[in-house]
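Each reported figure results from applying straightforward, stated rules to the coordinates on display, with no laboratory input. Bear in mind the structure is a predicted one, so any value in this text is a computation, not a measurement. When we count neighbours, we look across all protein chains shown, and the Cβ atoms used for this are built from the backbone with ideal geometry, even at glycine.
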Amino acid sequence: MIRRTRLEANLTQTELATRLGIAQPNLSAIETGRRKPRADLVARVLSETGFELDAVRLGEEARPRYLYPTLAETAAELAECPSGPTPDGRSRYLLVSLFLEGYQRCERAGRPGLIAAEPGPTGHAGWDAFMGGLAEHVAYHDGLQCPRWVNGPGRFSPCFFFPLDTPSVRAAALSESPPAFARRSVFIAAGALGRA
C-alpha cells in the first residue's frame, strides 16, 4: 500500500523519505515488506501522498486487483535504485526477484496486467532490454500473448549485459540464458529466474 500510494503521488523513495524524516533505505525496507511500519507512519505516508484512510469491509469482488508490483513499477524502482556498493548488480536484481515472487503468487487471471504496461526507462540500456526479455519470458511460459512493447526501441541491449555479473555466473548465463533474453544480448542463468 505504501509503495502504491507513493507511486500514485509521483514521488521517489528519496522524496517521500525526506518528507517523512526517515532514511530512504528504511522506506525501501517497509515497501518491500522487510520491515513493518508503525500506524503513525502509515498515517503520515497517506497524508504526504494525498490519501485518507477509510475503514472499509472488503467483499471478494471489492479487493484490489493487483496486490503485486507490476513490471512498470519495478522498472520505476530500478530507475531510482543506485547501483550501490555491489558492482555485480545484486541490489537491482532484488527488485526483479520481488516482481517474480509477486508474479508467481498472483492469480493466473491477473498476471497479464502485471506485464501489460510498458516500463519506463531505467537509465541503463541493459536493464531496459532485460525488462523486455522478462515480459516475453513469463508470457511465453504462461501461454499469454506477449505485450507489443517488448519488441520496441530500447528493448535490445547494444552490448552483452549480465544482470548478475560475477565470473562464476557468467559462464552459466552464457549457456543457460532463455531465448527471450539471449536474443536481446541479455544473459542470465536460468536458475536466477526461479520458476518463471
Quick note, segment 102-196: a/c under 1.5 would make it rounded; otherwise a/b > b/c is prolate and the rest oblate (a ≥ b ≥ c, C-alpha gyration tensor); here it is oblate
Of 103-115, 171-183, ordering from highest average Cβ density within 10 Å down gives 171-183, 103-115
Among Gly132, Gly33, Gly152, the residue with the largest mean-square fluctuation in a Gaussian network model of the chain built from Cα contacts under 10 Å is Gly33
Ranked output for segments 26-32, 118-124 by mean other Cβ atoms within 10 Å, highest leading, reads 26-32, 118-124
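Given Cα pairs under 8 Å that are at least 6 residues apart, what percent is the relative contact order of the chain?
Working: 246 pairs, mean separation 32.9, N = 196.
Once divided by the residue count of the chain, the mean separation gives 17 percent.
What ranking do 138-149, 2-13 get when scored by the average of other Cβ atoms within 10 Å per residue, highest first? Each step should come with its number before you reach the end.
Working: 138-149: 14.7, 2-13: 16.3.
Peptide ranking by packing, descending: 2-13, 138-149.
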Read-out log10 I(q)/I(0) by the Debye sum over Cα atoms at q = 0.08, 0.10, 0.16 Å⁻¹, candidates (i) -0.50, -0.67, -1.15; (ii) -0.25, -0.40, -1.00; (iii) -0.29, -0.45, -1.07; calculated match is (iii)
Given unit charges at Cβ for Lys, Arg (+) and Asp, Glu (-), the dipole magnitude of the chain about its Cα centre in debye, nearest 20, is 300 debye
